[in-house]
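Data block below; observations after.
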Amino acid sequence: MPVIKDVVCSLCGCLCDDITVTVEDNKIMGVKNACILGHSKTVGVQTHDRIKTPMIRKDGELVEVTYEEAIDAAARILANSRRTLSYGWCSTSCEAISKAIQLAEETGSVIDSTANVCHGPSALATQEKGNPGATLGEIKNRSDLIIFWGCNPIHAHPRHMTRYSSFSRGFFTPNGRKDRKMVVIDVRKTDTAKRADKYIEIEQGSDLLLVTALRSAINGHEAAIPKNVAGVSKAEILGLAELMKNSRFVSILFGMGITQSRSKYKNGDAVSSLISDLTQHTKAIMMGMRGHYNVSGFGEVATWETGYPMAIDFSKGYPYYNPGETGANDVLVREEVDAAIVGAADPGAHFPQKAVRHLARIPLIQIDPYPNPTTELADVVIPAAVVGIEVEGTAYRMDAIPIRMKKLIATEFKTDEEILKDLIVKVRELKRGE
Ligand code: SF4
């Protein structure tokens with residue numbers, strides 16, 4: 001049975017590249033090394049419900065059509081739209097993302113990624129203060145203090161702690177967990193927190209207060225810290241500040257507890273300043289625990305092609321960016337778009353009610369391998385191959401390292417990239433009146 005080694009798991013931002021997959025007669029027979037999520041995704045191409053054929057909604061029902069008919073219908077929606085929203089594109093390849101951006105430019109659309117409702121505020125913080133980051137390899141080899149803040153990797157990134165952080169053995173941390181301290185800061189005692197040396201429970205939405213107090217402690221302004229900040233005692237804050245200062249390499253790894261709680265991007269901005277303060281005493285870095293496997297890739301591709309990482313509006317004929325005004329939810333809630341195209345995402349399940357209501361009212365195109373609540377709202381549904389399993393491509397890991405994903409089995413589904421290329425050609429033809 002052919003065995004494919006060094007396969008990249010295309011599920012979460014860890015992009016684990018040590019997976020072994022056994023294939024026979026174009027079927028995946030076995031998956032080794034992946035966590036339960038990665039295993040389920042890899043074998044899921046055969047066992048999960050797929051969108052089997054392209055479909056167009058007629059008289060309220062989705063009716064099976066050919067790829068050509070679906071692409072023609074989708075192109076007509078885009079060509080006739082005054083202002084389209086293009087959303088998602090974080091669970092696909094950088095090659096497809098590049099085409100989605102090109103299509104958005106051709107059609108004068110607003111294009112946004114799932115980062116906007118996830119780690120988007122980290123991008124704003126990076127623009128304000130920079131990104132004092134590292135690679136996952138550096139964390140594994142050097143970090144003796146790992147702080148997970150507002151994230152729960154045991155469930156969201158199951159191999160992170162064993163491969164890259166708390167439990168992994170590195171060059172300067174040969175004894176793995178014994179060579180590291182692990183601290184978890186969160187609003188509830190998660191399963192990750194249960195494995196920490198120290199768990200600090202904070203009041204919801206008060207992260208900025210705690211970061212500011214830690215900065216005061218690190219900079220020697222203890223007198224400015226009240227007895228209790230964010231539900232944490234002054235003694236505990238001073239203790240954590242000392243632990244940070246006395247560690248060789250501090251890694252603050254944060255999740256949506258930082259990016260989507262009160263103060264949003266100001267939290268990331270403050271953590272960046274905290275890192276800067278810490279580097280007066282030791283080495284320190286911060287990193288967002290990115291969820292979708294190529295959400296980092298969208299930010300990279302969009303930034304090098306347009307100058308902005310998300311929420312890019314092409315309606316003026318050039319890229320314009322103003323999150324809060326040009327984000328997917330912003331333009332949906334204000335009913336500013338009259339059509340939408342969604343790729344590899346499910347706003348139907350995750351967006352606020354008002355945004356979903358508008359999405360249901362306007363012509364909606366979906367490109368995805370799998371049906372989801374957004375399929376129920378879509379007028380044109382185009383099935384796609386699963387990137388990293390049925391088609392190769394490039395993705396960026398959570399530490400912004402590009403990794404090439406392999407093709408494991410053949411498929412008859414078109415790829416996202418092919419579908420988007422076809423749409424660009426068809427939209428151009430329609431605009432020329434052909
Ligand atoms: Fe896949 Fe993430 Fe699990 Fe690694 S940790 S195997 S990338 S789901």
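The values are calculated or read from the model by the stated rules, or taken from the named source; none is laboratory data. Remember, it's a predicted structure, so these values are computed and weren't measured experimentally. So basically every Cβ, Gly included, is an ideal-geometry build from the backbone, and we count neighbours across all protein chains shown. Just so you know, the surface numbers come from the protein's heavy atoms only, side chains and all, with ligands and any DNA or RNA stripped out. Shrake-Rupley method; radii C 1.70, N 1.55, O 1.52, S 1.80 Å.
Yes/no per residue for (1) touching a Ser or Thr at 6+ places or on another chain (Cβ under 6 Å); (2) assigned to a loop (DSSP other than H, G, I, E, B); (3) without any contact (Cβ under 8 Å) to a residue 24 or more places away in the chain:
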position: Leu15; (1), (2), (3): no, yes, no
position: Lys41; (1), (2), (3): no, no, no
position: Gly44; (1), (2), (3): no, no, yes
position: Ala74; (1), (2), (3): no, no, no
position: Cys90; (1), (2), (3): yes, yes, no
position: Ala104; (1), (2), (3): yes, no, no
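Each row is one residue, and each column tells you yes or no for (1) surrounded by fewer than 17 Cβ atoms within 10 Å (Cβ to Cβ); (2) at pLDDT below 95.
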| position | (1), (2) |
| --- | --- |
| Val229 | no, no |
| Asn246 | yes, no |
| Ser263 | no, yes |
| Ala270 | no, yes |
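Just checking, which of Ser86, Ser98, Ser40, Ser81 is on the phi < 0 side of the Ramachandran plot and within 16 Å of the ligand (Cβ to nearest atom)?
None of the other options fit; the residue is Ser40.
Hey, any hits in region 48-64 for a residue that's within 9 Å of the ligand (Cβ to nearest atom), open to solvent by 30 Å² or more (accessible area, probe 1.4 Å) and either closer than 22 Å to Ala384 by Cβ or not polar (S, T, N, Q) (or both)? Quick ask: steps written out before the conclusion?
To start, the set of residues in region 48-64 that are within 9 Å of the ligand (Cβ to nearest atom) comprises none.
Checked against the condition, which is being within 9 Å of the ligand (Cβ to nearest atom), open to solvent by 30 Å² or more (accessible area, probe 1.4 Å) and either closer than 22 Å to Ala384 by Cβ or not polar (S, T, N, Q) (or both), region 48-64 yields no hits at all.
Kindly indicate the residue of region 13-37 that is within 15 Å of the ligand (Cβ to nearest atom) and β-branched (Val, Ile, Thr) and also surrounded by the fewest Cβ atoms within 10 Å (Cβ to Cβ) among those meeting that condition.
Ile36
Conditions (1) in contact with a Leu (Cβ under 8 Å, 6 or more places away or on another chain); (2) within 23 Å of Asp17 (Cα to Cα); (3) surrounded by fewer than 18 Cβ atoms within 10 Å (Cβ to Cβ), marked per residue:
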site	(1), (2), (3)
Glu128	no, no, yes
Leu136	no, yes, no
Leu145	yes, no, no
Trp149	yes, no, no
His155	no, yes, yes
Pro158	yes, yes, no
Phe171	no, yes, yes
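Regarding Gln280, is this residue open to solvent by 10 Å² or more (accessible area, probe 1.4 Å), among the polar types (S, T, N, Q) and assigned by TED's automatic domain parsing to the domain that holds Arg159? Talk me through it step by step, then tell me what you get.
Details: open to solvent by 10 Å² or more (accessible area, probe 1.4 Å): yes; among the polar types (S, T, N, Q): yes; assigned by TED's automatic domain parsing to the domain that holds Arg159: yes.
In short, yes.
Hey, among the residues in region 360-374 that are more than 16 Å from Ile71 (Cα to Cα) and within 22 Å of the chain's Cα centre (by Cα), which one's surrounded by the most Cβ atoms within 10 Å (Cβ to Cβ)?
Thr374
Would you be able to say whether some residue in region 121-142 is acidic (Asp, Glu) and in a strand (DSSP E or B)?
No, that holds for no residue.
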